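Comments concern the structure below.
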Amino acid sequence: MSFSEKEKHFHHSGLSNSSLNWSRHLLMQRSQVTSLFGADALWRKGYTGAKVKMAIFDTGIRADHPHFRNIKERTNWTNEDTLNDNLGHGTFVAGVIAGEDAECLGFAPDTEIYAFRVFTDAQVSYTSWFLDAFNYAIAINMDVLNLSIGGPDYLDLPFVEKVWEITANNIIMVSAIGNDGPLYGTLNNPADQSDVIGVGGIDYSDHIASFSSRGMSTWEIPHGYGRVKPDVVAYGREIMGSKISTGCKQLSGTSVASPVVAGVVCLLVSIIPENRRKEILNPASMKQALVEGAAKLVGPNMYEQGAGRVDLLESFEILKSYQPRASIFPSILDYTNCPYTWPFCRQALYSGAMPVIFNATILNGMGVIGYVQSPPTWHPSTEEGNLLRIHFTYSEVIWPWTGYLALHMQIKEEGGHFSGVIEGNVIVRIFSPPAQGEKTARTSTCVLQLKLNVVPTPPRSKRILWDQFHSIKYPPGYIPRDSLDVRNDILDWHGDHLHTNFHIMFNMLRDAGYYVETLGSPFTCFDASHYGTLLLVDLEDEYFQEEIEKLRDDVINTGLGLAVFAEWYNVDTMVKMRFFDDNTRSWWTPVTGGANIPALNDLLEPFGIAFGDKILNGDFYIDGEHSRYASGTDIVRFPRDGYIHSFPFLDSSESGATQNVLLNSGMNKADSPILGLLDAGEGRIAIYGDSNCLDSSHMVTNCYWLLRKILDFTGSNIKDPVLFSESAKQDVPLYEDDTRLPSRRTDVNYTLYSAVTGKDLICRSDSRFEVWGTKGYNLHVRGRNKIMPGHHVIDLGRGLNSTFGSSRSRRPKFTKKRKGDSLGNRYFSLLWMCLN
């Protein structure tokens, strides 16, 4: 939209600018959030957000609103011919930041408001509108920018890269973390970016709000580990703010918590003299002040609360004497501090395990660009600390303002019987080019304190390996939900990780005495003799031929147990789920089903096992335990002498109807095999056609009881008498002809989404150190990978700090959402970038 289409509205008359007027209201607003954060103390000192330029990207604001004294400019970036807020969301957000009504005081009443209208009255927006508006915010030199919006697409590269450009231009961005809690792995972009201050919500009892999205970030999966997010939390339930035209109202959501922090930031900016602000303040230094000043809450873990509740006065004290420096967040990893350091505090380190990865954020307040001066070093406090071996991966260039430092931790072989605590410090030195007027580079030494629990290596039967490598999530592909009965969340976007949407299962396994490790590389990259069970759950990727051959040998000859939890796969149903994406002007269809059954069938073919393409729904009981089978598949091949359990279910694969519709249709149920157990040479196999009962995203009933029985069998050869009853034993094999097995879609270019198709087999930095950069155990071939047409070269000679580019393929731009209030539900349109 051209600048000629935008109007400007300057200073709006209101109450006196004197901070003394604000002290008159203090008794009236003791119960308000501003008072809880101590804003009145800064008002008394004369800090009210004066001469701070605040950009609010939202639904606009009315020029004559009586709550605002300092509306400097309103701009419209939508295709509607209005500057006004007809929804109320933008007005409310502005009120929390800078409102002056006695009932709903904002934090920084003298802040200069720049209202960017980027959403229509129908709550619709496009990436292109944001890009134009971001460019204008850069051009007019904004100080702070609030985004009470977000979405799951962290690979919307034009948007993500423009956010980097915003912060690189020294604009402090504050954004809501999302309203998809209490589920984990539900962080919204851009709040999940390290250069953005991501804000979660709490209530007035300092409990994490149920709606507040939880971490970790999922950008780094499968080879790495997510970052700690949110950065901080703030009050976000029943917050008072301005109504659309006059008066006050209450709203809840992280879209409310975000302007609380944005208001705090405006106050903090105003304490620095205007002529020194750009010298002292930047996205990194402000985040340092917030996270170092935050009050850690008792109970929530770091992926729920980040550094803790914002403490305005503590952050004020930090900024008063701030000198540009770099730091690490979090600065401490203490396994003895549970539950804050969950999941690390739930499982000790031990020799022989896959590396435990901790991903910390480098905050560089010295400059927009920085570098690691020399490789990080580990300094143990005692001799026992030498049992710990750490490999580091980190940002080659720290830009803009932030980077990452990942610790890949293993206990050495000589620590196999050690039990105790290892303490010490990781030290990393950061430098940035000299600032204007300086002659020497700026340098800073950062310290990350470690306190780690170590136990003797557990027995093989108690060790489980979770396959992360073969999981594909949104983004980049249209990966559909696993339960087709869930219509308000169409994507599989929570990471499918042990510590995101399978975190409850992880805690259950730990409570049951199991040790669970993660494999983010192919099957050739682990030693099967160390593990009782390989656990495959809800997997969407293909398999290398080397993996198929190795797994057969691992099970039959090495005695590895294999447990598989599959999902629905039906090509006709996928076609029915297609939609027209208005951004790319093309039709989009799921690239696979809930799981990639044709690939799983290839993997299981050596054992005579295959799944079908039915979509089964219903309730059933085993030994008095109730379970819901939700859009699961059926077993169509299984060897003789195995044990099969069948139950009467409805099949929606032909009709596409939901469970509730089918139940009311009078449709007949038919027995379908869904659970199979088999002795296979030295090993054991258990397969089940549904994973929703393990996944906390849309779980109706859990099947942890069944998982425990399966693991007893696969890991320890303990056979439950009900599961292994004579009535379940197969006297003849189940067999479906090859021509009737589910087939792959031929209209999907799987190389765009797969870590296998069109790629080379290689063990990455999540593997044991001895096979990094190789093809795996007994396949130690180093060097440059083969080049596939249209794919980047991965040069293994670059060392441990290599970075790999993301695909820039076109894909549907799923929504940006406004963080939950009365204006809409959590469903996000596939066609537009929308408010939440």
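The values are calculated or read from the model by the stated rules, or taken from the named source; none is laboratory data. Bear in mind the structure is a predicted one, so any value in this text is a computation, not a measurement. Neighbour counts are summed over all protein chains in view; Cβ atoms, including those assigned to glycine, are modelled from backbone coordinates with ideal geometry. For the accessible areas, the whole protein counts, side chains as well, though only heavy atoms, and no ligand, DNA or RNA atoms are used. Shrake-Rupley method; radii C 1.70, N 1.55, O 1.52, S 1.80 Å.
Numbers below:
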{"item": "Cα radius of gyration and Dmax for the chain (Å)", "result": "27.7, 89"}
{"item": "Charge dipole magnitude, Cβ of K and R +1, D and E -1 - the stretch 460-752, Cα centre, debye nearest 20", "result": "420 debye"}
{"item": "Helix-only CD estimate at 222 nm, as mean residue ellipticity for the chain, using -39500 (n - 2.57) per DSSP H run (n ≥ 4)", "result": "-5000 deg cm²/dmol"}
{"item": "Only Lys, Arg (+1) and Asp, Glu (-1) charged, at Cβ; the stretch 33-322 dipole about Cα centre in debye", "result": "540 debye"}
{"item": "Residue among M508, A680, N692 farthest towards the positive dipole end of the stretch 460-752, charges placed on Cβ", "result": "M508"}
{"item": "Exceeding the 23 Å Cα-Cα cut-off - candidates K53/K162; K45/K243; K550/K759", "result": "K45/K243"}
{"item": "Packing-based ranking, highest mean first, of 697-706, 401-410 given that Cβ atoms within 10 Å are counted", "result": "401-410, 697-706"}
{"item": "Packing-based ranking, highest mean first, of 172-180, 459-467, 313-321, 94-102 given that Cβ atoms within 10 Å are counted", "result": "172-180, 94-102, 459-467, 313-321"}
{"item": "Of the trypsin sites (Lys or Arg not before Pro) in the stretch 30-81, those whose Cβ has at most 15 other Cβ within 10 Å and which sit in DSSP loop", "result": "R30, K45, K51"}
{"item": "Cα centroid separation - the stretch 707-729 against the stretch 77-131, whole Å", "result": "59 Å"}
{"item": "Fraction of beta bridges assigned by DSSP in the chain that are antiparallel (%, nearest 5)", "result": "60 percent"}
{"item": "Tensor-based shape of the stretch 33-322 (alpha-carbon gyration tensor, a/c under 1.5 rounded, otherwise prolate or oblate)", "result": "rounded"}
{"item": "Neighbour net charge for D554 - beta-carbon separation under 11 angstrom, K R +1, D E -1", "result": "-3"}
{"item": "Sulfur and carbon atoms: percent of accessible area, the chain [1.4 Å]", "result": "48 percent"}
{"item": "Solvent exposure of the chain as accessible area per residue, Å², 1.4 Å probe", "result": "35 Å²"}
{"item": "Summed side-chain charge close to Y47 - residues other than Y47 whose Cβ falls under 12 Å, Lys, Arg +1, Asp, Glu -1", "result": "+2"}
{"item": "Most positive-pole-ward Cα, H470, Q436, L450, against dipole of the stretch 401-509 from beta carbon charges", "result": "Q436"}
{"item": "The stretch 459-530 versus the stretch 263-305: alpha-carbon centroid distance in Å", "result": "35 Å"}
{"item": "Per-residue ³J(HN,Hα) for the stretch 521-534, Karplus 6.51 cos²θ - 1.76 cosθ + 1.60, θ = phi - 60°, Hz, x for Gly and Pro", "result": "10, x, 5, 6, 9, 9, 8, 5, 5, 8, 10, x, 9, 9"}
{"item": "Positive minus negative residues near I357 (Lys, Arg vs Asp, Glu; Cβ under 9 Å)", "result": "-2"}
{"item": "Kyte-Doolittle at least 0.5, axis length at least 27 Å by Cα - qualifying DSSP helices, the chain", "result": "none"}
